[in-house]
Amino acid sequence: MEPTDLTIEILKGIREETHKTSERVNETNQRLDETNQRLDNLRTDLVDRIERVERRQTESEVRLASELVAVGGAVREVRDLLREDRALRTRVDDHERRLSAVERRTG
């Protein structure tokens, strides 16, 4: 069986389409490689940003904890001052009562 001109032309057409398809696949692979590279770069940038946010969050939490301790200390100081004031107020009231009694007697 000898190949006919038509068979040869069909095979040539198939070969040309195969080459075109191969070129399109190669172009697609190249675009995919570029996209993967961009995605890798974006992922690296995102990981860096997340790490920075985590560091800043940790630093903020440490600062807040320190400030809460300071606020607690200030509250205790105010509490102590109020207790002293109440104790002095009781003494002053007692002195006022006693002075009034002395003034009534001498009066």
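Coordinate-derived values only; no laboratory data. Keep in mind that what you see is a predicted model, and the values were worked out from it rather than measured. Neighbour counts are summed over all protein chains in view; Cβ atoms, including those assigned to glycine, are modelled from backbone coordinates with ideal geometry.
Label-to-label distance, Glu2 versus Ser100, with points set 7 angstrom from Cα along the beta-carbon direction: 14.2 nm. Site pair Ile50 and Glu23 shows an inter-label distance of 4.2 nm when each label is modelled 7 Å from Cα along Cα→Cβ. Taking the C-alpha atoms only, the angle from helix 5-106 to the longest principal axis of the chain is near 0 degrees.
Length gained on full extension, Arg89 to Val62: 5.7 nm, using 0.36 nm per residue less the C-alpha separation.
Rg over Rh for segment 19-86 works out to 1.68, using Cα positions for both radii and the Kirkwood form for Rh.
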